[in-house]
Amino acid sequence: MKRNTVHGMDCLDGMVEMEAGLVDVIVTSPPYNIGKAYSTYDDTLTRAEYISWMGDVAGASLHVLSDRGSFFLNIGGTPKDPWIPIDVAMEFRKKGYILQNMIHWIKSIAIPQSDMGSYASNTCDIAVGHYKPVNSRRFHHDCHEFIFHFTKKGDVLLDKLAIGVPYQDKSNIGRWKQAKEDRRDRGNTWFIPYETIQEKRPHPAVFPVGLPTLCIRDHGLDRCSLVLDPFMGIGSTAIACIRLGIDYIGFEIDSSYRAIAEERIRDEKTLIQSKKQQLRLFEDE
Ligand SMILES: C[S@@+](CC[C@H](N)C(=O)[O-])C[C@H]1O[C@@H](n2cnc3c(N)ncnc32)[C@H](O)[C@@H]1O
């Protein structure tokens, strides 16, 4: 299977064709079966059909994922149907996957100044992240999705400090035996806001490039040479891989989304090339 390509095929057929155990990281977001207006894919299966399909995806992925690999599955529900991600996770469990980490993708968060601790020099409450609140008196807007980190045996070592964060209380550094530098585990709540898009959105359900980037770096760049996204959409995972210098394989059945992915990939490569050229000119001066 050709690398660094978004293949125009059904991911189940694609994964069968791939060599066994080749992939180090799978990071993906499948359709959630919530009636999203995709350009060709019909997001309105019955629940039973959908869950069974997700089970097939889990089964096929076991063939391509290496024994030391990570599968980061991003999936959310709706305020009315919060069980969707849990039902899908249960299917992965039935196929033999171990849920090694349950990560919460936080899209928006509000923090009152009174809860900011030593950061309280900030003069106001803050609310960061974009969303258009749900029009309902029963439900809160869903500002969160899951990133289930599945592995085959539950014993994959991560490069947690690669995506670590500074200590808030610096006095812990040195006082706590394990705190040797000003960097600690980010924890399982990952704040990743959507990128602001002013013009018409080309795809109804993308994740920010920051999401696959964090997943791949968490698994460990030194242990990752190939990433797979079975539901590549408009190429966010491919962009993350290009920025990180890692090979990818993607599947996407919709040719219009594939065309946008290819355009984004071309633009990203051009940008990186021109940055490298500028750097060389700067070093030559
Ligand atoms: C939630 S979107 C993924 C978006 C992607 N993460 C991004 O940021 O662009 C799911 C995608 O899966 C595609 N899709 C649906 N069924 C598929 C299948 N059987 N094989 C491959 N792609 C499929 C849809 O066309 C849609 O673009």
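The values are calculated or read from the model by the stated rules, or taken from the named source; none is laboratory data. All values reported here derive from a predicted model rather than from experimental measurement. For neighbour counting, all protein chains shown are included, and Cβ atoms are generated from backbone atoms with ideal geometry for every residue, glycine included. The area values use the complete protein model at the heavy-atom level, side chains included, leaving out ligands, DNA and RNA. Shrake-Rupley method; radii C 1.70, N 1.55, O 1.52, S 1.80 Å.
Explain nothing, just the number: relative contact order of the stretch 214-282, from Cα pairs under 8 Å at least 6 residues apart, as a whole percent.
30 percent
With the other protein chains left in place, how much accessible area per residue, in square angstrom, belongs to the chain at a 1.4 angstrom probe?
Per residue, the chain has 55 Å² of solvent-accessible surface.
Output the pairs from Lys95/Lys153; Lys80/Lys200; Lys36/Lys95; Lys107/Lys132; Lys2/Lys152; Lys36/Lys80 with a Cα-Cα distance over 22 Å in this structure; if there are none, say none. If you can, show how the numbers build up before the last one.
Details: Lys95/Lys153 12 Å; Lys80/Lys200 27 Å; Lys36/Lys95 27 Å; Lys107/Lys132 12 Å; Lys2/Lys152 25 Å; Lys36/Lys80 15 Å.
Result: Lys80/Lys200; Lys36/Lys95; Lys2/Lys152 exceed 22 Å.
Summing +1 for each Lys or Arg and -1 for each Asp or Glu, what net charge is found among the other residues whose Cβ lies under 13 Å from the Cβ of Glu195?
Local charge sum for Glu195: +2.
Carbon and sulfur atoms: what percent of the 1.4 Å accessible area of the chain do they account for?
The value for the chain is 53 percent carbon and sulfur by accessible area.
Between Phe139, Phe92, Phe72, where does the largest GNM mean-square fluctuation fall for the chain, given springs only between Cα atoms within less than 10 Å?
Phe139
Can you list which of the DSSP-assigned H helices in the chain have a Cα extent of 24 Å or more along the long axis and an average Kyte-Doolittle score of at least 0.5?
none
Name the most mobile residue of Arg201, Arg264, Arg68, meaning the one with the largest mean-square fluctuation, in a Gaussian network model of the chain with Cα contacts below 10 Å.
Of Arg201, Arg264, Arg68, the Gaussian network model singles out Arg201 as fluctuating most.
State the extension gain, in nm to one decimal, for the chain segment bounded by Ala259 and Asn188, taking 0.36 nm per residue of separation less the distance between their alpha-carbons.
Details: separation 71, 0.36 × 71 = 25.56 nm, distance 3.40 nm.
Full extension from Ala259 to Asn188 adds 22.2 nm.
With n ≥ 4 as the cut-off for DSSP H runs, can you work out [θ] at 222 nm for the chain, using -39500 (n - 2.57) per run divided by the number of residues, rounded to the nearest 500?
-10000 deg cm²/dmol
Mind jotting down the distance between the C-alpha centroids of the stretch 137-206 and the stretch 70-109, whole Å?
Taking the Cα centre of the stretch 137-206 as reference, the centre of the stretch 70-109 is 15 Å away.
Show me the GluC sites (Glu not before Pro) within the stretch 177-267 that DSSP assigns to loop and that have at most 15 other Cβ atoms within 10 Å of their Cβ.
Glu181, Glu195, Glu199
Would you work out which of Ile34, Ile192, Ala179 lies farthest towards the positive end of the dipole of the chain, given +1 charges on the beta-carbon of Lys and Arg and -1 on that of Asp and Glu, about the Cα centre?
Ala179
Work out the length of the dipole vector of the chain about its Cα centre, built from +1 on the beta-carbon of each Lys and Arg and -1 on the beta-carbon of each Asp and Glu, and round it to the nearest 20 debye.
Taking the Cα centre of the chain as origin, the dipole is about 740 debye.
Based on the alpha carbons, how large is the Rg to Rh ratio for the chain when Rh follows Kirkwood?
Using only Cα positions, Rg/Rh for the chain is 0.98.
Dipole of the stretch 194-285, Cα-centred, from +1 at each Lys and Arg C-beta and -1 at each Asp and Glu C-beta, to the nearest 20 debye?
Dipole of the stretch 194-285, to the nearest 20 debye: 60 debye.
Apply 1/(1 + (r/R0)^6) to the Cβ-Cβ distance of Ile272 and Arg137, taking R0 = 45 Å, and write down the FRET efficiency to the nearest 0.05.
For Ile272 and Arg137, the calculated efficiency is 0.40.
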